[in-house]
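One structure below.
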Amino acid sequence: MRTFGVIFPLTVIWIIFTENFSLINVAIGAVISAGCILFVGRFLPFEGLGNVNFWKLATFPFYLIAQIYVAGFHVIKIVLTGSKVDIVTLDTKVTDEALKIILVDSITLTPGSIMLDLNGQKITLLWIRDKNSPGDAKTADEQLKSRLERRLLKAQR
């Protein structure tokens, strides 16, 4: 039953991407989705996401896309008005290893920051900031990770 709960959404995504709702296309999407699940199950076991609420995590990519655009416009403003680059180390409340990886990858995907190191609960980032804003960890936390982290904490069990 759990496999069907993953194959069904992947098949729906397949139908949306191919823009074709025919019986053959649905069958092809289901077979490809099942193949992906078998491949992932063999090489990337699901046990790594045991403490994660899949349905809450499923909405995260849409939230991340919105945050990428917001951060993009913010970085454009910073670049045009003057910027500084700092390296900051932040603590995270996310305890699940898979969600920590998603968090640091999400931070890297948003313009204006690059993850340099993840060591336990500490994330080291290269960060572009407004030249007039303080370069402390609290400001970096608010601008870089707090919204993404809160969203991922909701998916953590």
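If I ask for residues that are over 10 Å from the mean Cα position of the chain (by Cα) and among the small types (Gly, Ala, Ser), which ones from the stretch 87-135 would you list?
Correct list: Ala98, Gly112, Ser113, Gly120, Ser133, Gly135.
So in the stretch 79-97, with the set limited to residues that are surrounded by fewer than 19 Cβ atoms within 10 Å (Cβ to Cβ) and of a type outside the set (Val, Ile, Thr), which one is nearest to Leu57 (Cα to Cα)?
As a first pass, look at the stretch 79-97 and keep what is surrounded by fewer than 19 Cβ atoms within 10 Å (Cβ to Cβ): 79-87, 89, 91, 93, 95, 97.
Those still in the list that are of a type outside the set (Val, Ile, Thr) too: 80, 82-84, 86, 91, 93, 97.
Numbers: Leu80: 35, Gly82: 36, Ser83: 34, Lys84: 34, Asp86: 31, Asp91: 21, Lys93: 16, Glu97: 14 Å.
This residue is Glu97.
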Within the stretch 137-156, which residues are touching a residue at least 24 places away in the same chain (Cβ under 8 Å) and charged (D, E, K, R)?
Asp141, Lys145, Arg147, Glu149, Arg151, Lys154
Condition (residue is closer than 30 Å to Lys145 by Cα, at pLDDT below 85 and either in contact with a strand residue (DSSP E or B) (Cβ under 8 Å, 6 or more places away or on another chain) or surrounded by fewer than 12 Cβ atoms within 10 Å (Cβ to Cβ) (or both)) applied to the stretch 25-43: is it met by at least one residue?
yes
Within the stretch 147-157, the residues that are part of a helix (DSSP H, G or I) and either charged (D, E, K, R) or more than 13 Å from the chain's Cα centre (by Cα) (or both) are Arg147, Glu149, Arg150, Arg151, Lys154
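The values are calculated or read from the model by the stated rules, or taken from the named source; none is laboratory data. Not measured: the values here are computed from a predicted model. Neighbour counts are summed over all protein chains in view; Cβ atoms, including those assigned to glycine, are modelled from backbone coordinates with ideal geometry.
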